[in-house]
Amino acid sequence: MGVFQPRYIFESELSAYGLGGSPDVQGLLSVVDTASLMIDEYCGRTDGGGDGSLVYTTYQQRVLAEAPGRNIYFLPYRPLVALTQAQVNALSGQDIAASGYYYTGVQPSINTLANGTLSAIISASGRYIPGRRDKYGFGDDAISYTSPWNLATFFGAPPQWEAVDMVNLDYDAKTGQVWIAGGLYQYRFSEVIFVYNSGYDPGNMPRGIKRACAAITKNLLAKGTGTTGMKSFTSSKIGVSAEFNEDCIDVNVQRLLDAFKVVRT
């Protein structure tokens, strides 16, 4: 799929958010689309290639262990959400009917937790990586000497990945905190790759996001010229970055969006 284009206020909602009465509805919706992209960018949901959104999205991330002695990891894109194949099919169908705005390419959840509920985490693999001596290095734990996954690195091989138990894990959907069982000898993984789903239903986005979208749209329209509201835009091998005018994402809009920003610990 190409880069996803969100639309956080649909045509039927324009009047409810103070955007009704325009003779050029399609032109107004184009500005709404720009405001929606700005929200995803501001909230840190997009990567350098433009992928990612507050709408249901599948992410793949490498996460380092951050709680010494505990099998706890934190996923930055929240809330975590489990989606059935039927839900994904419905989103894809809506996307085709509406020419976009619903389906990011999100994958269905395939794992069931020990309590019988569907898991937002699609897959995970962990490995042991000797790091700082005061936290993870050899000598901190007798298992460091006996684990074949670590011993392999003595001969120049990279640390090997091991499948994570996808049944007996636990997570908090709101905070992104994940607990997983240890690997070999129940030793804690120092790094884990997670594939998981996060975001909100595109047809029922939180009101805070919709109000922020309306406010940014009004700010863009008030500028009179152009609809990007950007001070600068740069693209390079390491990604894409943009800086927006303060009057487009003002203090009040920031307050509406702060609850949806990505938090990286």
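What to note about this one:
- Condition check for Ile129: surrounded by fewer than 22 Cβ atoms within 10 Å (Cβ to Cβ) and modelled with pLDDT under 95: yes
- Residue within region 2-23 that is outside any loop (DSSP other than H, G, I, E, B), more than 18 Å from the chain's Cα centre (by Cα) and of a type in the set (Val, Ile, Thr) present: no
- Taking the criterion of being within 17 Å of Arg7 (Cβ to Cβ) and within 22 Å of the chain's Cα centre (by Cα), the residues of region 83-107 that qualify are Leu91, Ser92, Gln94, Asp95, Gly100, Tyr101, Tyr102, Tyr103, Thr104, Gly105, Val106.
- Filter result for Leu54 (modelled with pLDDT of 95 or more and either out of contact with any Phe, Trp or Tyr (no Cβ under 6 Å at 6 or more places or on another chain) or farther than 23 Å from Gln160 by Cβ (or both)): yes
- Cβ separations smaller than 6 Å between residues 6+ apart or across chains give the following pairs from region 174-187 residues that are part of a loop (DSSP other than H, G, I, E, B) to residues that are at pLDDT 75 or above and basic (Lys, Arg): Gly176/Arg78; Gly182/Arg188.
- For Ala65, the test of being more than 20 Å from Ile209 (Cβ to Cβ) and crowded, with 21+ Cβ neighbours inside 10 Å is passed.
- Restricting region 241-265 to residues that are outside any helix (DSSP H, G or I) and within 18 Å of Gly176 (Cβ to Cβ) leaves a set whose member that is modelled with the lowest pLDDT is Thr265.
- Check on Leu37, of a type in the set (A, V, I, L, M), at negative phi and in contact with a helix residue (DSSP H, G or I) (Cβ under 7 Å, 6 or more places away or on another chain): no
The values are calculated or read from the model by the stated rules, or taken from the named source; none is laboratory data. From a predicted model like this one, the values you see are computed outputs, not experimental measurements. Counting neighbours? That spans all protein chains shown, and the Cβs are built from the backbone with ideal geometry, glycine included.
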